[in-house]
Amino acid sequence: MIGRVLSRGGGVYRVHMDTGIVDASLRGRLKHETASRVLVGDLVRVDVHDDGSVTIEGVEARRTLLRRRTPGRRRATRPVAANVDQVVVVGAARSPDWDTHTIDRFIAVASASELPTIIVINKSDLDDQASAYGDVYRAIGYDVHVTSVTAELGVTTLRESLRGHISLLTGSTGVGKSSLLNAVQPGLQLRTSAVSARAGTGRHTTVAAEMYPLDEGGFVVDTPGLRDIGLWGLAPEDVSAAFPEIAATGTGCRFDDCRHGVEPDCAVVSAVTEGQIASSRLTSFRTLLAEADEASRPWQGR
């Protein structure tokens, strides 16, 4: 039998089957095969035994794999979820304030895994200009949703974009991902928490990636609020791919290897000056490219 892993914790895996959700454990040999580590989103082969216990016997080939940097370890990465169709990057218009650079970072991570991105501007009821934050991304071709759980805005449209897909929701802590999921899928009752008045950031309410089936078809993965989404694992060309408007304009630069910084006759810098490319995007590009360059250098530490 084939099922999909919804969550894991304490050696127990919640698996979604055609007949319902079951708790399963790993078959002994899988516990020692790191290459076959079972992830949220994995399709797994399971056996149901005579005593009612369920074991995971193997992992099916993955279509996609989303990775992130391991906190506190500069050169290490860890997988987040398997078989994801799209990444939904959620930012808040206010509380915490909209952060274009953080949104660009999440887009780059998704792009490196060759996953399409949907952008959500949440808490739009707190800022009359909330929709305008998405103009930069709409112009590039991204699907942008403006939502507010409190004002009941945009939830239905977002739900339609999730239908039939395996979607991973991510974003900085406090932007309202769990509240948004509760609105998209009534009955989830995910735990939420207020934003810290002192720091202007939210407290973590999701402690591990967990997948939920949607009534209208598809699944959604809720992820912990990520304070560190470093780009270890990205090559400079991956960064370029995450900024298609810069890559396209860059073909007009004098130098083929132009980094769009201080080089003369840079078509990208000219486009920013003329308002054809958002200056925030160029700033993000330069920062992420420098980080990718640093990560790609041989590590000299112990």
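Would you mind finding the one in Arg138, Arg94 that is at pLDDT 95 or above, surrounded by fewer than 19 Cβ atoms within 10 Å (Cβ to Cβ) and assigned to a loop (DSSP other than H, G, I, E, B)? I'd like the intermediate steps shown before the answer.
Values: Arg138 fails: assigned to a loop (DSSP other than H, G, I, E, B).
Only one candidate passes the filter, namely Arg94.
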**Report entry** Filtered residues of the stretch 69-91 (kept if modelled with pLDDT of 95 or more and not in a strand (DSSP E or B))
**Finding:** Asn83, Val84, Asp85
Requested in this report: Quickly run through the stretch 149-169 and pick out the residues that are surrounded by fewer than 21 Cβ atoms within 10 Å (Cβ to Cβ) and in a strand (DSSP E or B).
Outcome: Leu153
Query raised in the report: Name the residues in the stretch 1-17 that are modelled with pLDDT of 95 or more and β-branched (Val, Ile, Thr), would you?
Result: Ile2, Val5, Val15
Query raised in the report: Of the residues that make up the stretch 119-130, is at least one surrounded by 20 or more Cβ atoms within 10 Å (Cβ to Cβ), assigned to a helix (DSSP H, G or I) and touching a residue at least 12 places away in the same chain (Cβ under 8 Å)?
Result: yes
Report task. Quick one: count up the residues across the stretch 24-62 that are surrounded by fewer than 17 Cβ atoms within 10 Å (Cβ to Cβ), at pLDDT 90 or above and charged (D, E, K, R). Result -> 7
Query - Which numbered condition Ser172 fails, given (1) closer than 23 Å to Ser279 by Cα; (2) open to solvent by 30 Å² or more (accessible area, probe 1.4 Å); (3) in a helix (DSSP H, G or I) - result: (3)
Report summary line: Within the stretch 242-282, restricting to residues that are within 17 Å of Asp135 (Cα to Cα) and open to solvent by 50 Å² or more (accessible area, probe 1.4 Å), the one that is farthest from the chain's Cα centre (by Cα) is Glu274
Query raised in the report: Counting only residues that are among the hydroxyl-bearing types (Ser, Thr, Tyr) and closer than 15 Å to Asp99 by Cα, how many does the stretch 125-184 have?
Result: 6
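Report, by residue number, each residue of the stretch 115-148 that is of a type in the set (Val, Ile, Thr) and either farther than 28 Å from Ala82 by Cα or out of contact with any helix residue (DSSP H, G or I) (no Cβ under 7 Å at 6 or more places or on another chain) (or both). Talk me through it step by step, then tell me what you get.
Let us first name the residues in the stretch 115-148 that are of a type in the set (Val, Ile, Thr), namely 117-121, 136, 140, 144, 146-147.
Of everything in the stretch 115-148, just one residue is of a type in the set (Val, Ile, Thr) and either farther than 28 Å from Ala82 by Cα or out of contact with any helix residue (DSSP H, G or I) (no Cβ under 7 Å at 6 or more places or on another chain) (or both), namely Val136.
The values are calculated or read from the model by the stated rules, or taken from the named source; none is laboratory data. Here the structure is a predicted model, which means the values were calculated and not measured. Glycine gets a Cβ as well: all are built from the backbone with ideal geometry, and neighbour counts include every protein chain shown. Ligands, DNA and RNA are stripped out before the accessible areas are found, and what is left, the full protein with its side chains, is counted by its heavy atoms. Shrake-Rupley method; radii C 1.70, N 1.55, O 1.52, S 1.80 Å.
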